[in-house]
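What follows draws every value from the coordinates through simple rules; no lab data is involved. These numbers come from a predicted model, not from an experiment. Here Cβ is always computed from backbone atoms with ideal geometry, including for glycine, and neighbour counts include all displayed protein chains.
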Amino acid sequence: MIRPFFVNMPILLIWGNDTNSCEKEIDKFISKNTSKVWGYLNVSKLNGDDPSQVSQALGEMQMPPMGEGSRIIVLKNNPLFNSSTDIFSERFQNNALNMPNSTYLVLSNTKKPDSRKKTSKFLKTLIKNGQATECSFNLPDFWDNESQIQYVINTCQSLNIQLERNIAILIIEAIGIDSIRLNNELQKTILYLTAKNKKSKSEPNNKFVLTKDIVEKIFNDHQSNIFKISDLLIERKIHQSLIEINNLLNKGEPPLRLTAALISQLRMNTIILLQLNEKDLSKISKLAGLTNPKRIFFIRRKVQNSSPTFLINILIQLLNIESLIKKGNNPINVFTENLATLK
């Protein structure tokens, strides 16, 4: 994670798939640098998907603040460092070097800047010269268990909550990795522990220790995750997989993110099954999108008795589910109707 910026830099780049943390960082920056009286006139929140709003953002970065505090222009879905077109590149570069004092441009995107683009190279120069900075907030990949555990531990530490590694694993099994849900559950935990500590006077009010009993009391302790659902599908345990899918959806898991994760997992398993006789692990890793070739041995053992046709049929159904959800259909019904027919 690239940590947050210094407030004296006029251009701030924030990116990452942890949109909740990105939003919180932007809100914190706005709150710190704008006047409560003049803030409503000095803050612009624009959408980079609309070219006219991109143009507006580039124009406003040349405007000084009104009254007290700073002017802040937030451009979400910022296209300057990832778009295939460069229609705003020259204007951005010219305006970036001539921004008024106390005017800030916040550029937000879920994607990391494309280092090949001219604007990205220009940004690096600005960062080097102290005129820009960046921070990123990324959730761990759903297959990266160690990073997920460390993410939970770090989040708890930031809230002055102490926990051991095995407790972090319990939390992940209960709610998965979702920064909004994790933060909400931890805030409930703090309220519970504050009341408990005051009542027992066993711990200082600012010290929170998370135990297994507390996790089971506050968090939903049903163990559901993408790997478990994927394994159940591969093993043709469709009914059980639907139970786990419904559990995740009922706990607030975004259905499209669940679908995307399952498609990614099943695609990887299918490719490795189709490449059972391939000896070049680097080739398989590239095809399957694996960064750690050692995982191939474990996945091969898991899928060796599966049918390529069956796995491909699961992928087809998952793609159909994704399309139906995007059209506004009920996710639970869509999963049930499409997966229940698998044989």
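Annotation: amide H of Glu164 has no partner in the under-5 Å range at sequence separation 5 or more or interchain, hydrogens built in the peptide plane. Dividing the helix sum by the residues of the chain, where each DSSP H run of 4 or more adds -39500 (n - 2.57), gives a mean residue ellipticity at 222 nm of -17000 deg cm²/dmol.
In this structure, the amide hydrogen of Met63, modeled 1.01 Å from its nitrogen in the peptide plane, lies closer than 5 angstrom to no residue at least 5 positions away or on a different chain. Rounded to the nearest whole Hz, the Karplus-based 3J(HN,Hα) values (6.51 cos²θ - 1.76 cosθ + 1.60, θ = phi - 60°) of region 163-179 follow the sequence 7, 8, 4, 5, 6, 4, 5, 4, 5, 4, 5, 7, 10, x, 10, 8, 4, with x at glycine and proline.
The string of couplings for region 241-257 from the Karplus curve (6.51, -1.76, 1.60, θ = phi - 60°) is 5, 5, 4, 5, 4, 4, 4, 5, 5, 5, 8, x, 5, x, x, 5, 5 Hz, one whole number per residue in order, with x for Gly and Pro. Loop-located trypsin sites (Lys or Arg not before Pro) in region 56-143 (DSSP state other than H, G, I, E, B) with a sparse environment of at most 15 neighbouring Cβ atoms within 10 Å: Lys111, Arg116.
Near Ser83, no amide H atom lies under 5 Å from its own; only residues 5 or more places off or on other chains count, and H is placed 1.01 Å from N.
Quick check on region 11-136: what does the Kirkwood estimate of hydrodynamic radius come out to from the alpha carbon pairs, in Å?
Evaluated over region 11-136, this radius sits at 14.6 Å.
Here the peptides 20-26, 229-235, 330-336 are ranked by packing, the mean other Cβ count within 10 Å, and the order with the highest first is 229-235, 20-26, 330-336. Compared with the dominant Cα axis of the chain, that is its longest principal axis, helix 19-33 is turned about 20°. The ellipsoid that matches the Cα gyration tensor of region 81-231 has semi-axes, each √(5λ) in whole angstrom, of 42, 21, 11, with the longest given first. Once the Cα-Cα distance is subtracted from the 0.36 nm per residue extended length, the Ser323 to Gln131 segment shows a gain of 64.8 nm. For Lys121, the aspartates and glutamates whose Cα falls under 16 Å of its own Cα, not counting residues fewer than eight places away in the same chain, are Asp86, Glu90, Glu134.
The base-10 log of I(q)/I(0) for region 208-274, evaluated at q = 0.29 Å⁻¹, reads -1.26 [Debye formula, identical scatterers on Cα atoms, solvent excluded].
For the peptides 160-166, 133-139, 102-108, 239-245, the ranking by packing is 102-108, 133-139, 239-245, 160-166, with the highest mean count of neighbouring Cβ atoms within 10 Å listed first. In order along region 117-134, phi translates into HN-Hα couplings of 6, 4, 5, 5, 5, 5, 4, 4, 5, 4, 4, 4, 8, x, 9, 7, 8, 9 Hz, rounded to whole numbers, per the Karplus curve 6.51 cos²θ - 1.76 cosθ + 1.60 with θ = phi - 60° and x for Gly and Pro.
Model label sites at Lys251 and Ile169, defined 7 Å from Cα along the beta-carbon direction, differ in position by 1.6 nm. For the pair Lys279 and Ser89, label points projected 7 Å from Cα toward Cβ lie 4.6 nm apart. Calculated from the alpha-carbon coordinates, region 30-73 shows an Rg and a Dmax of 10.9, 31 Å respectively.
Given R₀ = 30 Å, FRET efficiency for Lys45-Arg116 by Cβ-Cβ distance, to 0.05? That gives a FRET efficiency of 0.55.
Taking Lys286, Lys251, Lys212 in turn, the Gaussian network model of the chain (Cα-Cα springs below 10 Å) assigns the largest fluctuation to Lys286. Percent of Cα pairs in the chain per distance bin of 10 Å, from zero to the largest separation: 5, 20, 23, 24, 19, 8, 1, 0. Scaled against 2.2 N^0.38 Å for its residue count N, the alpha carbon radius of gyration of region 145-218 is 1.04.
Across the chain, Cα pairs under 8 Å and at least six residues apart give a relative contact order of 14 percent. Counting only Cα atoms, region 226-339 measures 43, 23, 23 Å along its principal axes, largest extent leading.
Just checking the listed ones, Ile263, Ile284, Ile153: in the Gaussian network model of the chain with Cα springs under 10 Å, the one fluctuating most is Ile284.
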